[in-house]
Amino acid sequence: MHHDAPIFQPKDPDYATRVRASFGLQQAMQLIGAEMSAVEPGFVEIVLPHRPQITQQHGYIHGGVVGMIADSAAGYAANTLTPHDTSVLTVEYKLNLLAPADGQRLVARGEVIKPGRTLLITRAEVFAVRDEKWTLCAVMQQTIMAMHGKKEGAA
């Protein structure tokens with residue numbers, strides 16, 4: 001998915017520091033134990049180690065948690081391409097759960113499809129990794145709204 005991705009020019013040369021700092025403010029990501037493992041223009045990867053607290057009744061990582069990391073990976077991929085004073089908000093996504101999230105870790109890879117000024121269209125793939133075998137377990141398409149001049153912070 002990632003290697004055929006278009007080459008994007010970030011509007012903010014310091015995008016990676018800004019995106020990582022924003023991810024650090026996400027208590028929801030801390031709650032589930034997710035970490036941002038890669039930040040590139042138009043691309044973000046998030047890794048989530050398996051923990052019993054985030055599983056559903058069959059022992060797989062819960063579909064809602066799969067959606068959380070897909071949403072964050074793709075949303076932050078969009079955020080790499082916005083100006084420095086612009087925050088982002090998800091307005092819509094569609095998630096297909098293709099296989100149980102049965103892995104020692106999950107890897108979510110988000111990328112920008114179309115970087116508009118106000119609406120950015122993104123997608124993500126989530127893989128379940130068990131014994132280094134990667135299984136595609138979810139795909140997502142997302143719409144992100146860029147909020148120009150709006151800094152992040154508590155509501």
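The values are calculated or read from the model by the stated rules, or taken from the named source; none is laboratory data. Here the structure is a predicted model, which is why all the values come from computation and not from measurement. Using ideal geometry, Cβ is built from the backbone for each residue, glycine included, and neighbour counts are taken over all protein chains shown. Ligands, DNA and RNA are stripped out before the accessible areas are found, and what is left, the full protein with its side chains, is counted by its heavy atoms. Shrake-Rupley method; radii C 1.70, N 1.55, O 1.52, S 1.80 Å.
Annotations for the structure displayed:
- Accessible area of region 1-73 divided out per residue, in Å², using a probe of 1.4 angstrom: 55
- Those trypsin sites (Lys or Arg not before Pro) in region 76-155 that DSSP places in a loop and that have at most 10 other beta carbons within 10 Å: Arg117, Lys151
- Compactness of the chain as Cα Rg over 2.2 N^0.38 Å, two decimals: 0.99
- Helices in the chain, meaning DSSP H runs of at least 4 residues, each add -39500 (n - 2.57). Divided by all residues, the mean residue ellipticity at 222 nm is -6500 deg cm²/dmol.
- Per residue, region 96-155 exposes 54 Å² of accessible surface when a 1.4 Å probe is rolled over the protein heavy atoms with every protein chain present.
- Convex hull volume of the C-alpha atoms in region 87-126, normalised per residue: 85 Å³.
- Here the accessible area of region 9-68 is 54 percent carbon and sulfur, with a 1.4 angstrom probe and all protein chains present.
- Cross-link reach list, lysines versus Lys133, counting only Cα pairs under 27 Å and skipping chain neighbours closer than eight places: Lys94
- Only alpha carbons enter this Debye calculation for region 75-155, each as an equal point scatterer, and the log10 of I(q)/I(0) it gives at q = 0.18 Å⁻¹ is -0.75.
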